[in-house]
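In what follows, a structure is listed as structure tokens, so that the remarks can point back to it.
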């Protein structure tokens, strides 16, 4: 059965985040900070594409598979954007065989976004949402780290809509267009083995083995909600309430446990130093990188069309 015009247009608009394998007729809509990197790596390796590659957009600063997987044509991941329009339209007319996504408890997702992007000063994120960027900060006390989370939550709470500037912060109901009916499977990051088992069975029907799914792109430190200041936790619940209702999560059923402690500070500070260096390289290499990226994307489209 062919896909609806609305669904086909939406998938095309989602492009870079969507893994699309035309021969498998499989589409994975990746929600940022919901096991997307791990599943994209496993699926891409299952397709016989080797890693790691060269992370073009960081001009060599990044070498982890968790980064190269998002590097478009240079990373090699089969994507919607890698299909020329005629091939994409033909696939949608014929219909997809497997469409799935994975979601995550909204509070846990926000905590992971903060610790992996905003806390460590990953390039551009703070500027994108108008949050003051103090660049090469070095934390000496745990309270300073938690205060950094307070500032992000307060900023989001006091500026409704600003979260849409960053896909990692955008509500999952918005990313998934408020409609889960077309998905054959909606997994939960908290129960990822269930999704892995389901996906393995689907691929086995095609004669494809699923590459082991690892734990890629984890934050340098995770935080237990019990550590948070009451006002911050209350505001996070308010921010997450609508998404929890849409996805069927209990807003009060928060994740427990976390690695953040005083011993985490050196690792956090090293990651901040790394991210600041990466931003300098991004800025220095942007014109050359953009030219190379256009060339690689054109070659990729010609191969899969």
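The set of residues from the range 1-38 being within 18 Å of residue 85 (Cβ to Cβ) and assigned to a helix (DSSP H, G or I) comprises 5, 6, 7, 8, 9, 10, 11, 12, 13, 14, 15, 16. Can you work out which of the residues in the range 181-199 that are within 23 Å of residue 251 (Cβ to Cβ) and surrounded by 15 or more Cβ atoms within 10 Å (Cβ to Cβ) is nearest to the chain's Cα centre (by Cα)? Only one residue tops the list, namely 189. The helices (runs of 4 or more DSSP H) falling completely within the range 70-177 that include 1 or more residues that are within 21 Å of residue 247 (Cβ to Cβ), touching a residue at least 40 places away in the same chain (Cβ under 8 Å) and out of contact with any helix residue (DSSP H, G or I) (no Cβ under 6 Å at 6 or more places or on another chain) map to 106-113, 172-175.
Taking the range 200-230 as the search range and keeping residues that are touching a helix residue (DSSP H, G or I) at 6+ places or on another chain (Cβ under 8 Å) and outside any loop (DSSP other than H, G, I, E, B), which one is surrounded by the most Cβ atoms within 10 Å (Cβ to Cβ)? Among those residues, the one meeting the criterion is 203.
Residues that are at pLDDT below 85 and either surrounded by 20 or more Cβ atoms within 10 Å (Cβ to Cβ) or not in a loop (DSSP other than H, G, I, E, B) (or both) occur in the range 39-55; there is at least one.
Please indicate, with yes or no, whether at least one residue in the range 143-163 is surrounded by 15 or more Cβ atoms within 10 Å (Cβ to Cβ) and under 30 Å from residue 44 (Cβ atoms). The answer is yes, given that some residue of the range 143-163 is surrounded by 15 or more Cβ atoms within 10 Å (Cβ to Cβ) and under 30 Å from residue 44 (Cβ atoms). Checked against the criteria, residue 74 does not count as modelled with pLDDT of 80 or more and surrounded by fewer than 21 Cβ atoms within 10 Å (Cβ to Cβ). Pairs linking a residue in the range 15-38 that is in contact (Cβ under 8 Å) with a residue 40 or more places away in the chain and at positive phi to a residue that is part of a strand (DSSP E or B) and surrounded by fewer than 21 Cβ atoms within 10 Å (Cβ to Cβ), with Cβ atoms under 6 Å and 6 or more positions apart or on different chains, do not occur. When the range 231-258 is filtered for residues that are surrounded by 15 or more Cβ atoms within 10 Å (Cβ to Cβ), within 21 Å of the chain's Cα centre (by Cα) and not in a helix (DSSP H, G or I), the ones remaining, listed by number, are 249, 254, 255, 258.
The values are calculated or read from the model by the stated rules, or taken from the named source; none is laboratory data. Values in this document were obtained by computation on a predicted structure and should not be read as measured data. FYI the Cβ positions are ideal-geometry reconstructions off the backbone, even for glycines, and counts take in every protein chain you see.
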